[in-house]
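**Q** Quick one: the structure is below, questions incoming.
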Amino acid sequence: MRSRHCNWCCHDIGECEGMNAWVETIEVVVHEAAGGTDDTRVLRLARQDGAPLPAYRPGAHVDVYLPNDLVRQYSLCGPNPQASDYRIAVKRSSESRGGSAWLCSHAGNGTQLRIGLPRHAFGVDETAAHHILVAGGIGVTPVLSMAYALQASGKSFQFEYFVRSEADTVFRDEIMRSPLAAHTRIHPALAPDAVRERVAALLAESKPQSHLYVCGPAALMQMTAELARAALGDGNVHMEAFGPMAPAEAGEREFVVKLGSCSTAVVVPPARSVLACLRDAGHEIGSSCEVGVCGSCMMRVIEGEPDHRDSYLTDDERMAGTHFLPCVSRSKSPVLVLARDT
Ligand code: FES
């Protein structure tokens, strides 16, 4: 069943606490829960009545609305985007603020959950002559569905999978027993310098008009993206992050935010977020992840130039400059005028 509920307070129509940021959601049930590795659970989500779920494009993710009122993002990592179930993999994080820990501890066969519709912020560029897929750890999830799609369509690709150890390799057996094995290299237990050398080497050998896609820990993504942009050009590099990608920089500047063109100016100093400053000034702004990945704090830009630091908006949405994630993003202009995204 599809329903609509508030993306800020997570309540249904009629019970909303006032923000009314409606999103469409689907009720699903966990119909298979298995261990991926010691600290990873692989869950298959389906409608209770077995009816098809919306098709998605490889690389898509969904918001998962947890019973403890948290919203978390998980990539759809099944081999078939038209399937009647969605597969996600959840890694129990030592820094979990309640999302991955809840799913790893409580989600089992029969657990009911609510999810958003698939969101496509990451995916294969059909114009590429060759695709270089780079995954680190649990970052394999969006990349795996892309690898399956490239394999199925006979496209030229390679899949470079960096892991802490053999035992930590989610989907290892599945990958190595499938046709993906011929395109895949698993790189276990490399020190950061060795990872950098491998990435530099594979870029040095890359075919003309290659596109590179990377998902994984922030350090791997930043290093890979930096090398890949130099080798392939900005437009040929694609990233999917599930954590903050751009931490505060040295030399960060103060700016002013207004909520609506008439409101009083709120000063945002270098070390504080727009979200925190607006709340201090008495404005109620809903949020969930507070690291720029869920979209629940999204606001509209009325005036000014945002400095996007989130990993939620698509490239097109960033270019349009009409939306803003105040939990992590900042301003390039001295004044930014925002409105709630209702
Ligand atoms: S609270 Fe999740 S993007 Fe801001």
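The values are calculated or read from the model by the stated rules, or taken from the named source; none is laboratory data. On a predicted model such as this, the values are computed, not experimentally measured, just so you know. Please note: Cβ atoms are built from the backbone with ideal geometry, for glycine as well, and neighbour counts cover all protein chains shown.
Table: residues versus (1) among the charged types (D, E, K, R); (2) surrounded by fewer than 22 Cβ atoms within 10 Å (Cβ to Cβ).
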{"residue": "Leu43", "(1), (2)": "no, no"}
{"residue": "Asp49", "(1), (2)": "yes, yes"}
{"residue": "His61", "(1), (2)": "no, no"}
{"residue": "Ile88", "(1), (2)": "no, no"}
{"residue": "Ser93", "(1), (2)": "no, yes"}
{"residue": "Ala129", "(1), (2)": "no, yes"}
{"residue": "Tyr148", "(1), (2)": "no, yes"}
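**Q** At least 2 residues that are small (Gly, Ala, Ser) in each: list the helices (runs of 4 or more DSSP H) lying fully within region 86-187 that qualify.
**A** Passing ranges, in order: 99-106, 140-152.
**Q** Could I ask something else about it? Evaluate region 95-108: report whether one residue or more is touching a residue at least 60 places away in the same chain (Cβ under 8 Å) and either in the same structural domain as Phe157 (by TED's automatic domain parsing) or of a type in the set (Ser, Thr, Tyr) (or both).
**A** Checked against the condition, which is being touching a residue at least 60 places away in the same chain (Cβ under 8 Å) and either in the same structural domain as Phe157 (by TED's automatic domain parsing) or of a type in the set (Ser, Thr, Tyr) (or both), region 95-108 yields no hits at all.
**Q** Next question. Of all residues in region 276-306, which are out of contact with any Gly (no Cβ under 8 Å at 6 or more places or on another chain) and away from the ligand (no atom under 15 Å from the Cβ)?
**A** Result: Asp280, Ala281, Gly282, Glu303, Gly304.
**Q** Could you look through region 310-342, keep only residues that are within 17 Å of the chain's Cα centre (by Cα) and among the acidic types (Asp, Glu), and pick out the one that is surrounded by the most Cβ atoms within 10 Å (Cβ to Cβ)?
**A** Here the residue is Asp310.
**Q** Are any residues in region 144-171 β-branched (Val, Ile, Thr) and either in the same structural domain as Leu43 (by TED's automatic domain parsing) or closer than 21 Å to Tyr86 by Cβ (or both), and if so, which ones? Write out each step before concluding.
**A** Here is the first cut: in region 144-171, the ones β-branched (Val, Ile, Thr) are 163, 169-170.
Val170 - this is the single residue of region 144-171 that is β-branched (Val, Ile, Thr) and either in the same structural domain as Leu43 (by TED's automatic domain parsing) or closer than 21 Å to Tyr86 by Cβ (or both).
**Q** Across region 324-340, what is the total count of residues that are away from the ligand (no atom under 11 Å from the Cβ) and of a type outside the set (Lys, Arg)?
**A** Narrowing region 324-340 to residues away from the ligand (no atom under 11 Å from the Cβ): 330-340.
Restricting the remaining residues to those that are of a type outside the set (Lys, Arg) gives 331, 333-339.
Number of matching residues: 8.
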